[in-house]
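A short worksheet on the structure shown next.
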Amino acid sequence: EVPGLNTERSKQLLLGNGELFLVTLDGLLREHSNLLQPPLEDVDGQNATALRQTLAAQIHKLRNVSGLVGAEHLSKLASESEITLRAEGESAAGVLAKLAASLNQLRDSSAATLNTWHQRLAEESAAASGTRAVEPLGTEDLQRLGNLLAANDLAALDEVSRLGPSLESALGAEAFRKLQDSLARLDFRHAVELIETSDQQGEETHEFPVRT
């Protein structure tokens with residue numbers, strides 16, 4: 001359990017899926033690591049409009065995902081930062097400094113939990129690779145995963161976990177990491193695109209209908 005988080009709220013939003021909580025928290029910290037320090041550029045300058053809009057779009061995502069993991073103070077600061085950045089003439093430097101401090105606090109308080117999780121994943125991966133060869137990803141497994149993603153079904157997360165080694169072997173390490181990042185953001189559409197792109201490089205092509 002990570003100090004400072006509303007774990008009960010997070011459990012409700014993530015349907016009690018502990019693995020999804022860890023994936024989401026890890027993805028949050030990696031994707032938004034640039035916000036751990038206030039921007040070097042002058043966000044309040046006359047020529048900062050494009051920078052402010054870019055930051056506002058990113059912080060909008062941070063607000064949503066921080067709410068999923070129960071980081072309520074961070075989510076509140078992200079909301080304030082987004083509103084300030086989108087408001088012409090409003091100084092954003094101060095609230096962005098507070099946002100960076102809150103994000104650093106989350107990183108520090110979750111470090112032990114995430115390190116333990118990463119170590120467990122590495123041990124499980126090593127044990128799996130040492131005891132059996134990776135099985136090829138079957139067409140039925142791929143279709144089932146695609147259908148779950150198309151339906152925005154959180155059961156897709158368990159399916160990805162079950163197919164882990166086979167899926168990583170089929171997609172490649174980099175694409176598999178991107179897939180995990182997409183799932184951490186609950187961006188199922190992008191996850192489908194990653195699978196379809198990889199599948200098109202093989203002998204068969206599957207197109208999965210994605211609900212909007």
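For residues in region 81-95 being touching a residue at least 40 places away in the same chain (Cβ under 8 Å) and surrounded by fewer than 23 Cβ atoms within 10 Å (Cβ to Cβ), which is nearest to the chain's Cα centre (by Cα)? Steps first, please.
Residues of region 81-95 that are touching a residue at least 40 places away in the same chain (Cβ under 8 Å), as a first pass: 85, 91-93.
Filter once more, keeping what is surrounded by fewer than 23 Cβ atoms within 10 Å (Cβ to Cβ): 91, 93.
On the way: Ser91: 29, Ala93: 26 Å.
Ranking the candidates gives Ala93 first.
Please indicate, with yes or no, whether at least one residue in region 9-18 is open to solvent by 70 Å² or more (accessible area, probe 1.4 Å), more than 19 Å from Asp153 (Cβ to Cβ), of a type in the set (D, E, K, R) and at pLDDT 90 or above.
The first filter runs over region 9-18 and keeps only residues open to solvent by 70 Å² or more (accessible area, probe 1.4 Å), leaving 9, 11-12, 15.
Right, trim to more than 19 Å from Asp153 (Cβ to Cβ) and you get 9.
Those still in the list that are of a type in the set (D, E, K, R) too: 9.
If we keep only those that are at pLDDT 90 or above too, we end up with 9.
Checked region 9-18: at least one residue is open to solvent by 70 Å² or more (accessible area, probe 1.4 Å), more than 19 Å from Asp153 (Cβ to Cβ), of a type in the set (D, E, K, R) and at pLDDT 90 or above.
If you go through region 26-80, how many residues are of a type in the set (S, T, N, Q), under 25 Å from Leu114 (Cβ atoms) and either within 19 Å of the chain's Cα centre (by Cα) or buried (at least 18 other Cβ atoms within 10 Å of the Cβ) (or both)? It would help to see each step written out before you state the result.
Taking region 26-80 as the starting set, the residues that turn out to be of a type in the set (S, T, N, Q) are 33-34, 37, 46-47, 49, 53-54, 58, 64, 66, 75, 79.
Filter again for under 25 Å from Leu114 (Cβ atoms), leaving 33-34, 37, 58, 64, 66, 75, 79.
Then drop every residue that is not either within 19 Å of the chain's Cα centre (by Cα) or buried (at least 18 other Cβ atoms within 10 Å of the Cβ) (or both), which leaves 33-34, 58, 64, 66, 75, 79.
Result for region 26-80: 7.
Can you list the helices (runs of 4 or more DSSP H) found entirely within region 103-191 that contain at least 3 residues being closer than 23 Å to Gln12 by Cβ?
Details: elements: 139-150, 155-171, 173-184.
In region 103-191, 155-171, 173-184 are the helices (runs of 4 or more DSSP H) which contain 3 or more residues that are closer than 23 Å to Gln12 by Cβ.
Do you know which residues across region 159-180 are farther than 16 Å from Glu196 by Cα, open to solvent by 40 Å² or more (accessible area, probe 1.4 Å) and touching a residue at least 12 places away in the same chain (Cβ under 8 Å)?
Ser161, Pro165, listed by residue number.
The values are calculated or read from the model by the stated rules, or taken from the named source; none is laboratory data. Owing to the predicted nature of the structure, the values given are computational and were not obtained by experimental measurement. Methodologically, a virtual Cβ is constructed for each residue, glycine included, from the backbone with ideal geometry; neighbour enumeration extends over all protein chains shown. Accessible surface is based on the protein model in full, side chains and every heavy atom, while ligands, DNA and RNA are left aside. Shrake-Rupley method; radii C 1.70, N 1.55, O 1.52, S 1.80 Å.
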